[in-house]
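Asks: The structure's right below; bear with me while I get my questions together.
Computed from the coordinates by the stated procedures, all read-outs in this text should not be read as laboratory data. Here the structure is a predicted model, which means the values were calculated and not measured. Backbone-built Cβ (ideal geometry, glycine too); neighbour counts: all protein chains shown.
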Amino acid sequence: EKGTYPHYMLKEIDEQPFVIRNIIKQYQDANGQLKLDQNIRSAVKEADRIYIVACGTSYHAGLVGKQFLEGIASVPVEVHIASEFVYNMPLLSQKPLFVFISQSGETADSRAVLVEVKRLGHKALTITNVPGSTLSREADHTLNLYAGPEIAVASTKAYTAQIAVLAILAVDTARAKGITLDFDPLQELAIVANAMEALTDQKENIERIAREYLSVTRNCFFIGRAVDFYVGMEGALKLKEISYIQAEGFAGGELKHGTIALIEDGTPVIALATQSHVNLSIRGNVKEVAARGADVCVISTEVTKEEGDRIVLPEVHEYLTPLVSVVPLQLLAYYAALHRDCDVDKPRNLAKSVTVE
Ligand code: F6R
């Protein structure tokens, strides 16, 4: 039930800190240590390469997950769109593990890949919000998201739950491989939950920004580098699906290779600048688009902030910034849709669970 909330989407955005805390609880043992199913641990440890397969928002979570698994656990990862993978399978490694990410566990495009992968005799793990779902039953292993039912068509809390569970999977894999880490993942996730709460408490500010940048525009660009690029793609998808504003996420450095031609006076550009190792270069891109008339809204962190940034995120572990940087993007999409009189929870042409290929 949505209770006092006008829309499920807003309720589900607000639930994210609780979902993260629930995930911490579900994935810890009696001593507060991270615990994962032994069979899953072995399956990931034995794999020489992980193939993440998903669609839409879940695909975007997979892109962030690749950073975790490669950066924290040193496992090579490829991330694929399910509908492409079926017809265009890459040359597989010797011992692949397939990881399906799906909120519903019913997405036909992903299932088609799972059926093919099983036919080839490979192992599969499904990360899903619905434990008894088709993708969960047909895979060898399942990791649950524990996000509670997601009703709004635009996925929000499932995305952050997927990223949190992927972080847990990466840390457990690192430990299984004897890699020592200088952070406690569950503690870092608890810090994330508090940071998310601080952001969902800033709705007035974010609503104002949505009105200013998005109430009349026909298009909007999201730019970022490194993991911010992936979060920008998710921000663009959220905006597209519920406000019908044409939106795209771009890698900051790629703009000059074509897309910058689209920037004109008043084009809104949402720039994510949360990663200190690329802060200088994304700031360069901000200047380039601003010089061509773009209205730039910069989202940064306490560490990367500069004067004039519109949203400054509370500090969290650098790996985990997508969990907090996506929250203002979800809220911007929500308020943009609201101001444009769109049906937030049930956007046109879309279904919650896509069961056709
Ligand atoms: C976006 C959205 C879709 C889904 C996609 C995959 O907000 O909801 O892009 O993410 O259809 O769905 P699942 O995760 O259920 O496989």
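A quick yes/no check of all residues on (1) over 19 Å from Leu323 (Cβ atoms); (2) surrounded by fewer than 24 Cβ atoms within 10 Å (Cβ to Cβ); (3) aromatic (Phe, Trp, Tyr):
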residue: Ser133; (1), (2), (3): yes, yes, no
residue: Ile151; (1), (2), (3): yes, yes, no
residue: Ala167; (1), (2), (3): no, no, no
residue: Ala174; (1), (2), (3): no, yes, no
residue: Ile179; (1), (2), (3): yes, yes, no
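Asks: Does Ala251 fit the bill of being within 16 Å of the ligand (Cβ to nearest atom) and small (Gly, Ala, Ser)?
Replies: no
Asks: Of Val130, Val165, Val153, Val113, which residue is under 30 Å from Ser83 (Cβ atoms), β-branched (Val, Ile, Thr), without any contact (Cβ under 8 Å) to a residue 40 or more places away in the chain and within 16 Å of the ligand (Cβ to nearest atom)?
Replies: Val130
Asks: When Ser104 is evaluated against the numbered criteria (1) closer than 27 Å to Gly3 by Cα; (2) free of Cβ contacts under 8 Å to residues at least 60 places away in the same chain, which criterion, by number, is the only one it fails?
Replies: Looking at each condition in turn, Ser104 falls short on (2).
Asks: So, one more: How many residues are of a type in the set (A, V, I, L, M, F, W, C) and either free of Cβ contacts under 8 Å to residues at least 60 places away in the same chain or part of a loop (DSSP other than H, G, I, E, B) (or both) when one looks only at segment 173-205? Full working, then the answer.
Replies: From segment 173-205, those of a type in the set (A, V, I, L, M, F, W, C) are 174, 176, 179, 181, 183, 186, 189-193, 195-196, 198-199; that's our starting set.
Next, from what is left, pick out any that are either free of Cβ contacts under 8 Å to residues at least 60 places away in the same chain or part of a loop (DSSP other than H, G, I, E, B) (or both): 179, 181, 183.
Residues in segment 173-205 being of a type in the set (A, V, I, L, M, F, W, C) and either free of Cβ contacts under 8 Å to residues at least 60 places away in the same chain or part of a loop (DSSP other than H, G, I, E, B) (or both): 3 in total.
Asks: When you scan segment 210-217, do you find a residue that is among the hydrophobic types (A, V, I, L, M, F, W, C) and not in a loop (DSSP other than H, G, I, E, B), even just one?
Replies: There is at least one residue in segment 210-217 that is among the hydrophobic types (A, V, I, L, M, F, W, C) and not in a loop (DSSP other than H, G, I, E, B).
Asks: Taking segment 50-85, which residues are surrounded by fewer than 16 Cβ atoms within 10 Å (Cβ to Cβ) and on the phi < 0 side of the Ramachandran plot?
Replies: Glu70, Gly71, Pro76, Glu84, listed by residue number.
Asks: Follow-up. Quick test for you: out of Glu288, Glu307, Glu254, pick the one residue that is over 19 Å from the mean Cα position of the chain (by Cα), surrounded by fewer than 23 Cβ atoms within 10 Å (Cβ to Cβ) and not in a helix (DSSP H, G or I). Walk me through it before giving the result.
Replies: Values: Glu288 fails: not in a helix (DSSP H, G or I); Glu254 fails: not in a helix (DSSP H, G or I).
After ruling out the rest, the residue left standing is Glu307.
Asks: Counting only residues that are part of a strand (DSSP E or B), touching a Leu at 6+ places or on another chain (Cβ under 6 Å) and more than 16 Å from the ligand (Cβ to nearest atom), how many does segment 35-86 have? Before the answer, list the steps.
Replies: Within segment 35-86, the first condition is being part of a strand (DSSP E or B), and the residues that meet it are 49-54, 77-81.
Now narrow it down to the ones that are touching a Leu at 6+ places or on another chain (Cβ under 6 Å): 50, 77, 79.
Okay, now just the ones that are also more than 16 Å from the ligand (Cβ to nearest atom), so 50, 77.
Selection size over segment 35-86: 2.
Asks: Identify, by number, the condition in (1) of a type outside the set (A, V, I, L, M, F, W, C); (2) away from the ligand (no atom under 16 Å from the Cβ); (3) buried (at least 20 other Cβ atoms within 10 Å of the Cβ); (4) within 26 Å of Ile191 (Cα to Cα) that Glu315 doesn't meet.
Replies: That leaves (3) as the condition not met.
Asks: Let me ask something additional. Quick one: in segment 135-149, of everything that is surrounded by fewer than 23 Cβ atoms within 10 Å (Cβ to Cβ) and in a helix (DSSP H, G or I), which residue is nearest to the chain's Cα centre (by Cα)?
Replies: Ser136
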